[in-house]
1. Consider only pairs whose beta carbons are under 6 Å apart and that are at least six residues apart or on different chains; among these, list those whose first residue lies in the stretch 224-236 and is within 14 Å of Gly89 (Cβ to Cβ) and whose second residue is in a loop (DSSP other than H, G, I, E, B) and open to solvent by 50 Å² or more (accessible area, probe 1.4 Å).
2. Keeping to the stretch 168-223, report how many residues are part of a loop (DSSP other than H, G, I, E, B), among the polar types (S, T, N, Q), within 20 Å of Glu131 (Cβ to Cβ) and open to solvent by 40 Å² or more (accessible area, probe 1.4 Å).
3. Restricting to the stretch 224-249, and then to whatever is basic (Lys, Arg) and part of a loop (DSSP other than H, G, I, E, B), can you tell me which residue is least open to solvent (accessible area, probe 1.4 Å)?
Amino acid sequence: MHAQIKTLTLMAAVLAAIVVYAVIPKEVTLGSYTLKKITFSSIFHHAPQVKKRPKSGRKIHRNQTILFIGDSMVEGLSRRLGDYSAENGHTLYTVIWYSSSTERWGTTHTLEYYMHKYKPTYVIICLGSNELFVNDLENRAQYVREIVKKLGNTPFVWISPSDWNGDTGINDVIKENIGKEHFFDSRHLKPKRGSDHYHPTWAAAAYWMDTAAQFIASHQCANPLQLNKPKAHHKATKTKLLQPSFEGY
């Protein structure tokens with residue numbers, strides 16, 4: 001009984017102290033000393049703040065399975081992309097459909113076929129060189145949208161045609177329908193052409209790919225791809241050639 005009384009007395013004293021502490025002012029002066037009341041807010045106010053980590057740049061895609069598709073311009077570009085792929089640990093599959101266009105790729109199941117066959121984690125497209133002077137731009141816009149739709153959520157970049165005498169709008173159509181972060185604009189390039197005055201020389205195609213690689217590896221690109229400049233030549237061996245007469249899958 002005596003122990004219970006002592007416990008109750010102690011609890012009453014603690015409660016009284018809490019009540020008194022709650023009603024006293026924030027500062028109490030005792031002679032030449034000033035005592036400041038400690039509160040939970042003051043404790044947390046002076047506690048070190050945890051700084052939020054700044055948002056890092058876009059994720060760099062490494063060790064990818066790349067599918068490179070398009071028209072005959074891909075032939076020269078893929079040689080150099082083969083160097084980049086081997087240098088950076090990527091696997092490259094190339095499908096060159098000679099004389100093809102956004103219409104051929106957009107209205108057939110050819111792209112789906114190779115997406116299923118190679119299961120790429122990254123797609124690079126070079127199309128439009130055979131459409132520099134077309135006038136049915138509304139139709140071309142629909143074909144471009146169909147191509148993008150076929151890619152699903154797979155990261156991609158579109159290397160635009162490098163025109164030699166302007167164009168009637170295909171470059172703008174592509175850019176408007178895929179977004180500038182997926183679009184490498186080749187219009188400022190003037191690569192040296194071969195004997196047909198149409199296709200770049202091998203050296204010019206390598207320069208074209210080097211310039212495109214700078215964009216694809218940068219944070220201007222929606223999905224940057226690791227493309228450190230190659231130190232050696234690596235032959236691209238996984239290449240499929242489709243003739244102009246091919247009607248698509």
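1. Here the result reads Gln226/Arg62, each pair linking the stretch 224-236 to a residue that is in a loop (DSSP other than H, G, I, E, B) and open to solvent by 50 Å² or more (accessible area, probe 1.4 Å).
2. The number of residues fulfilling the criteria is 1.
3. Lys238
The values are calculated or read from the model by the stated rules, or taken from the named source; none is laboratory data. Note that the coordinates shown come from a computational prediction; the quantities given were computed from them, not determined experimentally. For neighbour counting, all protein chains shown are included, and Cβ atoms are generated from backbone atoms with ideal geometry for every residue, glycine included. These area figures cover heavy atoms from the full protein model, side chains too; ligands, DNA and RNA do not enter into them. Shrake-Rupley method; radii C 1.70, N 1.55, O 1.52, S 1.80 Å.
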